[in-house]
Amino acid sequence: MSYSENLQLITEVTRNFSLFLLQDMLDESLVVMKHVFGWDWNDILYLSPVNVGDYSVSRINNPEHPKEKQRKKLYQELSVFDYVLYEEGKKVLESQMRRIGGFEGKLKEFRQLKLNFSAFCHSNKTEKWKQNTTNMRLPGHTFSGEHCCFFKMSLKSIINKFITS
């Protein structure tokens, strides 16, 4: 395909997809998805890893980190069309964010809920998961140690749990 044909395809793709999820804007993407599908906070909640190899939380959340700048520059040079698709998808996502009334407040609420849930799951209180005696209660939300256990399970163990039950 020629350069212009690739750009035309990217334009068509961004016109036909109603939702773009971007890893570096995951929380924003999930809040938009919650709004689009009419989901609850529980449907989009996740636990963030504290540190996964070289991708520490401070690096992932900081586009100014030197390694992130270096990675982005290399990616732009080697994957021109992927980068263009990313930028177009980001425009769609940002447009959707602007159309959701009070989006910044909803994003802040989600991040606070996620922070509280993470603190709860990493606290000593949740060592009694099997007894399910510990709960975290927030307005409109109740989580148990079992929720934390589920979020910490690997995908393979989740699949096995459903197959064997």
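The values are calculated or read from the model by the stated rules, or taken from the named source; none is laboratory data. In this text the structure is predicted, and so the values were computed from the model without any measurement. Cβ: placed from backbone, ideal geometry, glycine included. Neighbour counts: every protein chain shown.
Scanning segment 40-67 for residues that are modelled with pLDDT of 80 or more and either over 22 Å from LYS108 (Cβ atoms) or in a helix (DSSP H, G or I) (or both) gives TRP41, ASN42, ASP43, ILE44, LYS67. When segment 88-107 is filtered for residues that are out of contact with any Leu (no Cβ under 7 Å at 6 or more places or on another chain), surrounded by 13 or more Cβ atoms within 10 Å (Cβ to Cβ) and either modelled with pLDDT under 90 or not aliphatic (A, V, I, L, M) (or both), the ones remaining, listed by number, are GLU88, GLU94, GLN96, PHE103, LYS106.
With the condition kept exactly as written, say whether any residue in segment 69-79 is over 30 Å from CYS148 (Cα atoms) and either at pLDDT 85 or above or of a type in the set (A, V, I, L, M, F, W, C) (or both).
Let us first name the residues in segment 69-79 that are over 30 Å from CYS148 (Cα atoms), namely 69-79.
Subsequent filtering for residues that are either at pLDDT 85 or above or of a type in the set (A, V, I, L, M, F, W, C) (or both) retains 74, 78.
Looking through segment 69-79, at least one residue is over 30 Å from CYS148 (Cα atoms) and either at pLDDT 85 or above or of a type in the set (A, V, I, L, M, F, W, C) (or both).
Among residues of segment 53-77 that are surrounded by 13 or more Cβ atoms within 10 Å (Cβ to Cβ), those with a Cβ under 8 angstrom from a residue that is at pLDDT below 50, sequence gap 6+ or separate chain, pair up as HIS65/SER58; HIS65/ARG59; GLU68/ARG59. Exposed (fewer than 12 other Cβ atoms within 10 Å of the Cβ) and either over 18 Å from GLU87 (Cβ atoms) or modelled with pLDDT under 80 (or both) - does that describe any residue in segment 25-39? Yes: segment 25-39 contains one or more residues that are exposed (fewer than 12 other Cβ atoms within 10 Å of the Cβ) and either over 18 Å from GLU87 (Cβ atoms) or modelled with pLDDT under 80 (or both).
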